[in-house]
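The values are calculated or read from the model by the stated rules, or taken from the named source; none is laboratory data. All figures in this text were calculated on a predicted structure; none of them were measured in a lab. All Cβ positions, even for glycine, are placed from backbone atoms using ideal geometry, and neighbour counts span all protein chains on display. When the accessible area is computed, the model is the full protein with side chains, heavy atoms only, and any ligands, DNA or RNA have been set aside. Shrake-Rupley method; radii C 1.70, N 1.55, O 1.52, S 1.80 Å.
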Amino acid sequence: MTALYQRMVEDMQLRGLAATTQRSYLHYVTCFADFYGVSPEHLDLEAIRQYTLTLLNEAHLSPESVNCFLAAVRFLYLVTLEMPWRQEDFPARQPVPVKVPTVLSPQEVLLFFDAIAGVKYRTIVMLCYGSGLRISEAVALKIGGIDSARMVLHIENGKGNRPRLAALSPRLLAILRTYYRAVRPPAPWLFPSWRSDAHITQGSVQRACRDAVQQAGLTKRVSPHALRHSFATHLLESGEDIRVIQALLGHQRIETTARYATVTPARLAKVVSPLDRLTASPARKPGRPAKPTS
């Protein structure tokens, strides 16, 4: 590990970047340095520009991946190396096409749950749908985070390492209790891995989801995050206020919630047109024309 690598790690930790973000930044900076065969401290803005073009035209990386690289080098040069550059000196972020999130119908959710193999995996995906948790939040839930007195879940490390509360419904509480009695997981993790000091990985849950999609015969691409989308959309369809959904999902910006909780055809079909709300106008006396309006 070079001194520059260690310094960047420390800078990211001091600024509270999530562990996944730190790994991504280090990955892209390392690939950038390997491409030129020198330490990034000896490279300049033109090198960043040319490498960005390589990622777009030769590696054919997605806009999201290119933007992650740009965020990584901006952090490296502006924060760690303290270069006297401006944000606008770097290549512009790539436009990311808006993706319509996958949303399951309630019937598809039930089919999916039935196809999940193993009580641990089934409980995790039910947790994602029942409380709208991210998969990272679900696998890292601690036994002590279940607050049945207040009917909430204590999420210690939400997005951005921010703690938050999530809703705990009576049915979900019953599911968690049934799982606990059957498995008796050792503290602190509710979903431990084969190592007692670690929780189950996100990757293992995602593999179980892929297997369940095939088993259930679903044509949609279902992931734990699709269950979070479905949680938000189904609440919206039932008439829940979007500000409440924002709080339940742990979003800081309402725009993020609006993207997750898409307006579905079922929601549109329930909209009453203002034309249908019009009442019949009072009948005029025959032979008298209506007064002109100015």
For the stretch 138-153, give me each residue that is closer than 16 Å to Leu127 by Cβ and either in a helix (DSSP H, G or I) or of a type in the set (D, E, K, R) (or both).
Ala138, Val139, Lys142, Ile143, Gly144, Gly145, Asp147
Give me the pairs: first residue in the stretch 94-110 and in contact (Cβ under 8 Å) with a residue 40 or more places away in the chain, second residue open to solvent by less than 80 Å² (accessible area, probe 1.4 Å) and aliphatic (A, V, I, L, M), beta-carbon distance under 6 Å, and six or more apart or on different chains, which are they?
Thr102/Ala226
Scope the stretch 32-76; condition under 18 Å from Gln6 (Cα atoms), in a loop (DSSP other than H, G, I, E, B) and of a type in the set (A, V, I, L, M); matching residues
Val38
If I filter the stretch 154-185 down to residues being open to solvent by 70 Å² or more (accessible area, probe 1.4 Å) and assigned to a loop (DSSP other than H, G, I, E, B), which single residue comes out as farthest from Ala18 (Cα to Cα)?
Arg184
Arg7 open to solvent by 40 Å² or more (accessible area, probe 1.4 Å) and in contact (Cβ under 8 Å) with a residue 24 or more places away in the chain
yes
Which residues, taken from the stretch 16-50, are open to solvent by 30 Å² or more (accessible area, probe 1.4 Å), β-branched (Val, Ile, Thr) and more than 21 Å from the chain's Cα centre (by Cα)?
Thr30, Val38
Would you check if Ile48 is among the hydrophobic types (A, V, I, L, M, F, W, C), touching a Pro at 6+ places or on another chain (Cβ under 9 Å) and more than 22 Å from Thr256 (Cβ to Cβ)?
yes
Say we look at the stretch 186-199 and pick out the residues that are within 21 Å of Val125 (Cβ to Cβ) and at pLDDT 90 or above; which of these is surrounded by the most Cβ atoms within 10 Å (Cβ to Cβ)?
Leu190
For the subset of the stretch 1-21 comprising residues that are of a type in the set (A, V, I, L, M) and in a helix (DSSP H, G or I), which member is nearest to Gly160 (Cα to Cα)?
Ala19
For Thr80, the lone unmet condition from (1) surrounded by fewer than 16 Cβ atoms within 10 Å (Cβ to Cβ); (2) modelled with pLDDT of 95 or more is (1)
For Ser273: the one exception among (1) within 30 Å of Ile116 (Cα to Cα); (2) hydroxyl-bearing (Ser, Thr, Tyr); (3) modelled with pLDDT under 90:
(1)
Any idea which residue in the stretch 218-255 is modelled with the lowest pLDDT, counting only those that are part of a loop (DSSP other than H, G, I, E, B) and either open to solvent by less than 60 Å² (accessible area, probe 1.4 Å) or in contact with an Asp or Glu (Cβ under 6 Å, 6 or more places away or on another chain) (or both)?
Gly239
Cβ-Cβ under 7 Å, sequence separation 6+ or interchain: first residue in the stretch 120-145 and free of Cβ contacts under 8 Å to residues at least 24 places away in the same chain and within 19 Å of Pro188 (Cα to Cα), partner in a helix (DSSP H, G or I) and open to solvent by less than 10 Å² (accessible area, probe 1.4 Å). Which pairs?
none
Pick from Val119, Val96: which is of a type outside the set (D, E, K, R) and more than 19 Å from Ala212 (Cβ to Cβ)?
Val96
Restricting the first residue to the stretch 51-64 and requiring it to be open to solvent by less than 50 Å² (accessible area, probe 1.4 Å), which pairs with a second residue that is of a type in the set (D, E, K, R) meet a Cβ separation below 9 Å and a spacing of at least six or different chains?
Pro63/Arg93
Going by the conditions given, is Leu104 within 29 Å of the chain's Cα centre (by Cα), in a loop (DSSP other than H, G, I, E, B) and buried (at least 18 other Cβ atoms within 10 Å of the Cβ)?
yes
